[in-house]
Every structure is written in structure tokens, then in C-alpha cells.
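Here is the structure we will look at.
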Amino acid sequence: MTIRHAGKWPAAFFSSASNSVLRPLALLLSALLACLALASCAGLAGPRQVEVPLAKLQHGLDQRFPVDKRMLDIFNIELSQPQLALYGDSGRVGLTLQVKVAPPFVRQAWHGSLALSGRLILDASRSALQIGELHIDRFTLDGVDPARARQFTEAAGVLADKVLKDVTLYRFHADDLRYAGIQFAPTKIATTAAALVVTFEPVK
């Protein structure tokens, strides 16, 4: 049997083999460097603040009222003309609503106002702000005896709580949550007399 010596392997073979190994390594290294760069940018970016004017919040509420509901199968309550107030740096807000109470099939109606206060709640899953922990500060209804007024106060409070649980005071936009290629998340809410100030921090 005769064995033939193959001689030297062609240089092109080694060049091809080297490229096939180095190319994936280069891509992996580039991806790792990109990840490290993004992480570094997120760390350097630090928190930032977005100011939401009271007028913008008020406009959003105006779109959701009036609300008309029947309570206790006895009378209709209409809530309208919301007026929002921000309580300085307390993180709480006030809301005043005009109230109309009318028994069904009767022309008579009582008119008054309902003043509420609550705490701003951050709903991270919906990227939104809502009003929670509502408290009735004042309820007035013209021409109603005290016993019936207490009944109306309870019903109006229940209605306002149900309505405001479904009302989004402000929904964060895409440019609030992403800046300079970095993803941010809201972490803190502060109030001034004229605006909400929301602090965003980089997502790590």
C-alpha cells in the first residue's frame, strides 16, 4: 500500500477557519461592550424630574365629567365641574365637585357641592397617577333636612370613590419613560401649588 503525503495545507484554509471562529467572538464582544456602555450610561444619567402643570391635570379631569349614577335604587346623583387643587408639598390633592341629587320620576332636585381630598397614588403597572385614600371634607346640599343630608353624604362619598378609582389623573408618555436611549421609571411624586413634580430614575 502506498501512502501519499498531502504536503502543506493551503493558506486559504487557515484564513477561512480563523475567520469562522473570530467573527462570532467579535460579535459577542461587541454585544457585551454595548451592554456595559448602556449600564454605565444608566448609572451616570441619575434621576431626572418631570413637571406636570395643574392646568394639564385639570384638562384631563374635565374630559371625564359629568358622571350620573343611580344610588341605592332611590335617587340619581350627578357629579360635575371638577376643580382640582394641589396642596403644596404634602403630596395630597383636593377635588371639589358640583352635585345634583334627584329622586327618580320627580322633577324636584337638590343642588350642592362635594369637597374631597386624597393622596396621589402611582400605578406602576399602568404608568399612571390616580387619587386614592379619599376623604370627604365638606358636603352641602341646599334645601335638605339633616337626616337626609347624612344619607346623601354617604351615597355621594361612595359614588365619588368608585368614580375616581377609574379616573387616571395623569398617564406617563413614552418620552417620560425613555430619555437618551435609557429606560426610566417613576419613583417619587411631589406637589407644588401649581404642578406635580415626578422623579424618574434609570431602570437598572
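When each of SER125, SER113 is tested for being surrounded by fewer than 14 Cβ atoms within 10 Å (Cβ to Cβ) and either among the hydroxyl-bearing types (Ser, Thr, Tyr) or touching a Pro at 6+ places or on another chain (Cβ under 8 Å) (or both), the lone residue that passes is SER125.
For CYS41, the conditions (1) more than 30 Å from ILE182 (Cβ to Cβ); (2) modelled with pLDDT under 50 are fulfilled apart from (1).
Taking the range 132-158 on its own, how many of its residues are among the aromatic types (Phe, Trp, Tyr) and in contact with a helix residue (DSSP H, G or I) (Cβ under 6 Å, 6 or more places away or on another chain)? So the answer is 1. Restrict the check to the range 122-131 and report whether at least one residue is of a type outside the set (S, T, N, Q) and in contact with a helix residue (DSSP H, G or I) (Cβ under 9 Å, 6 or more places away or on another chain). Looking through the range 122-131, at least one residue is of a type outside the set (S, T, N, Q) and in contact with a helix residue (DSSP H, G or I) (Cβ under 9 Å, 6 or more places away or on another chain).
Filter the range 76-105 down to the residues that are in contact with a Pro (Cβ under 8 Å, 6 or more places away or on another chain) and free of Cβ contacts under 8 Å to residues at least 40 places away in the same chain and list them by number. If the condition is that a residue be in contact with a Pro (Cβ under 8 Å, 6 or more places away or on another chain) and free of Cβ contacts under 8 Å to residues at least 40 places away in the same chain, then ASN76, GLU78, SER80, GLN81, THR96 are the ones that fit. Within the range 124-139, being closer than 20 Å to LEU57 by Cα and hydrophobic (A, V, I, L, M, F, W, C) holds for ALA124, ALA128, LEU129, ILE131, LEU134. Condition check: surrounded by 15 or more Cβ atoms within 10 Å (Cβ to Cβ) and either part of a strand (DSSP E or B) or not hydroxyl-bearing (Ser, Thr, Tyr) (or both). Does GLY94 satisfy that? Yes: the conditions hold for GLY94. Contact map, the range 174-188: first residue among the aliphatic types (A, V, I, L, M), second residue at pLDDT 85 or above, Cβ cut-off under 6 Å, separation 6 or more or different chains; pairs are LEU177/PHE184; ILE182/PRO202; ALA185/VAL203. Residue-level analysis places VAL67 outside the set of residues that are of a type in the set (A, V, I, L, M), modelled with pLDDT of 90 or more and surrounded by 15 or more Cβ atoms within 10 Å (Cβ to Cβ).
The values are calculated or read from the model by the stated rules, or taken from the named source; none is laboratory data. Everything numeric in this text was worked out from a predicted model, so none of it was measured. All Cβ positions, even for glycine, are placed from backbone atoms using ideal geometry, and neighbour counts span all protein chains on display.
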